[in-house]
Amino acid sequence: MAVLHHPIPVPRRGGGASEPTMPDRTKPGKPVPFSSSSSSSSSTLLRTLIMARRSLLKPTLATALLSLLFLYALIHTLLSPSPSLLSASASTSAVLPGPSAPKIYLYELPAKFTYGVVRSYLRARGSAAPDADADLHYPGHQHSAEWWLFSDLSRHPADRSPASSLQRTLNPDDADLFYVPFFSSLSLVVNPIRPPGGDAGGSPEYSDEGMQEELVQWLEGQKYWRRNRGRDHVIVCQDPNALYRVIDQVRNAVLLVSDFGRLRVDQASLIKDVILPYSHRIDPYKGDVGVEQRHSLLFFMGNRYRKEGGKIRDTLFQILENEKDVIIKHGTQSRESRRMARQGMYSSKFCLHPAGDTPSACRLFDAIVSLCIPVIVSDYIELPFEDVIDYRKISIFVDTSIAVKPRFLVSELRKISEERILQYQKELKLVKRYFEYEDPNGTVNEAWRQVSLKVPLIKLMINRDKRLVQRGQDNPDCSCICSKQNVTATVGR
């Protein structure tokens, strides 16, 4: 937390009647003709001026002496403070300690909410799981934020990054925040499964809905959850459908999400919650900025047919698939698709990011770490860490209604000079660490910083709740910045 240094105010001179001003000697006076009559008058005038000057010097010298005495006393006081000042300073510092990072407590939930979800995922795909939890690895998955954050907090407090904005505490009574470790996004894609071979291993059928309900039941049994109705708790639900069954029961918590595409305004907002980036599926580009190896103008690879706002994809395919220097391909998640996507992003100047079923997708963050300038066609997208990242410096935004005009998109992109492209790439290179979970000074530290910024609001809401009469459910008490009110500023505006 920054410490503000305030200059010591120095008292201003004066305060009574204004001092007489000296005559301006820089301007030549008008010559007076000499005469005997004027000589006497001149002598009288001269004596008057001399007397006035002497009388003027006295208050001026007195004022100067007083000023010197005041400055001496001030400096002496600052350099040698009296015992009374020292004791006052000591008592003040005892009452007002220096700022420190908020403390977060990691709940000790049953392992089935974390490592157990990974084991179920592996069994569903016929893969053997190691005996020890420490040997488990989270499956390659775009929603792996829940793994990275849990792994960071699982370390002993002394082993965590000193740059973290949150301190882990082992005492829940000292905590400002409580972290709820549940792999809700991985749990969603496990459901439902059966172990290969039916009842082999004695594992029952996995139920994501059942896990959600068990989580809420466990939380409601914790006094720290009940104390503030979950306001000071932190829960990751990065997949747009994660925790869908119980979201209304945990909505008071700080939710770490990818976007608000499937959340109502009384469930989540920019004020209360934190936007996290998807985990990139493509290895970060190791080369330098430049256009020599980027022969394609625009690249996109993904599912052509999506629901809701993603319907624009099919229209963009029709407009762009026959354009020169544009590579646009239909593809689904697979190892071969990732290889082709990596090659396409590394060799293209711009990467298209249209809306999918929800406003955001991991493809955007693949483009960023590839230094491929994102072209975002998604009117209601929310982006992570916007207090430190100006996305207009690293990407291009285009209104959906304008992007579908024939030849508009490629025409605008071709107008962008090589010098401007290099500027975009340099900015991308500066910020790409914010999107790398594996970077020691990357996404995890930034996510904790964002969470720490919520603490004052959490305390405000907790204290406010203590004095308010309970409201009815028909009038929820929500304060938010609604993403549905956003309007994307397009190219050339």
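Some observations on this one:
Residue-wise test of (1) part of a helix (DSSP H, G or I); (2) over 18 Å from GLN238 (Cβ atoms); (3) among the basic types (Lys, Arg); (4) over 19 Å from the mean Cα position of the chain (by Cα).
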position: SER401; (1), (2), (3), (4): yes, yes, no, yes
position: LEU409; (1), (2), (3), (4): yes, yes, no, yes
position: LYS426; (1), (2), (3), (4): yes, yes, yes, yes
position: PRO456; (1), (2), (3), (4): yes, yes, no, no
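- Leading residue by the ranking (surrounded by the fewest Cβ atoms within 10 Å (Cβ to Cβ)) among those in segment 333-377 that are polar (S, T, N, Q) and closer than 23 Å to SER401 by Cα: THR358
- Of the set (1) in contact with a helix residue (DSSP H, G or I) (Cβ under 7 Å, 6 or more places away or on another chain); (2) more than 22 Å from GLN450 (Cα to Cα); (3) touching a residue at least 12 places away in the same chain (Cβ under 8 Å), all apply to ARG123 but (1).
- Single residue of segment 182-214 satisfying the filter (aromatic (Phe, Trp, Tyr) and modelled with pLDDT of 95 or more) that is farthest from GLY126 (Cα to Cα): PHE182
- Filter result (farther than 20 Å from LYS459 by Cα and in a helix (DSSP H, G or I)) within segment 220-230: GLU220
- Selection count where residues are assigned to a loop (DSSP other than H, G, I, E, B) and surrounded by fewer than 23 Cβ atoms within 10 Å (Cβ to Cβ), scope segment 232-266: 13
To keep it simple, each residue is scored yes or no on (1) assigned to a loop (DSSP other than H, G, I, E, B); (2) touching a Leu at 6+ places or on another chain (Cβ under 6 Å).
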site	(1), (2)
ALA134	no, no
HIS141	yes, no
TRP148	no, no
LEU153	no, yes
PRO162	yes, no
LEU170	yes, no
ASP173	no, no
SER185	no, no
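- GLY331 more than 23 Å from ARG420 (Cβ to Cβ), of a type outside the set (Val, Ile, Thr) and in contact with a helix residue (DSSP H, G or I) (Cβ under 6 Å, 6 or more places away or on another chain): yes
- Among residues of segment 286-310 that are farther than 16 Å from ALA367 by Cα, those with a beta-carbon under 6 Å from a residue that is in a strand (DSSP E or B) and modelled with pLDDT under 95 at least six positions away or on a different chain give the pairs ARG304/HIS330.
- For segment 320-350, taking the residues that are assigned to a helix (DSSP H, G or I) and over 33 Å from the mean Cα position of the chain (by Cα), the one that is modelled with the highest pLDDT is identified as LEU320.
- None of ARG306, ARG313 is surrounded by fewer than 21 Cβ atoms within 10 Å (Cβ to Cβ), charged (D, E, K, R), outside the structural domain of SER144 (by TED's automatic domain parsing) and at pLDDT below 90 except ARG306.
- Residue check, GLU108 in a helix (DSSP H, G or I) and either modelled with pLDDT under 95 or not aliphatic (A, V, I, L, M) (or both): no
- Being over 19 Å from ALA447 (Cα atoms), of a type in the set (Gly, Ala, Ser) and surrounded by 14 or more Cβ atoms within 10 Å (Cβ to Cβ) holds for only one residue in SER296, SER269, and it is SER296.
- Condition check for VAL180: buried (at least 21 other Cβ atoms within 10 Å of the Cβ), in contact (Cβ under 8 Å) with a residue 24 or more places away in the chain and outside the structural domain of PHE365 (by TED's automatic domain parsing): yes
- Candidate set: segment 117-157, residues that are small (Gly, Ala, Ser) and in contact with a strand residue (DSSP E or B) (Cβ under 9 Å, 6 or more places away or on another chain); chosen: the one modelled with the lowest pLDDT: ALA124
- In the set (1) surrounded by 20 or more Cβ atoms within 10 Å (Cβ to Cβ); (2) at pLDDT 90 or above, LYS286 fails one condition alone, (1).
The values are calculated or read from the model by the stated rules, or taken from the named source; none is laboratory data. These numbers come from a predicted model, not from an experiment. Reconstructed Cβ throughout: ideal geometry from the backbone, glycine too, with neighbour counts over all protein chains shown.
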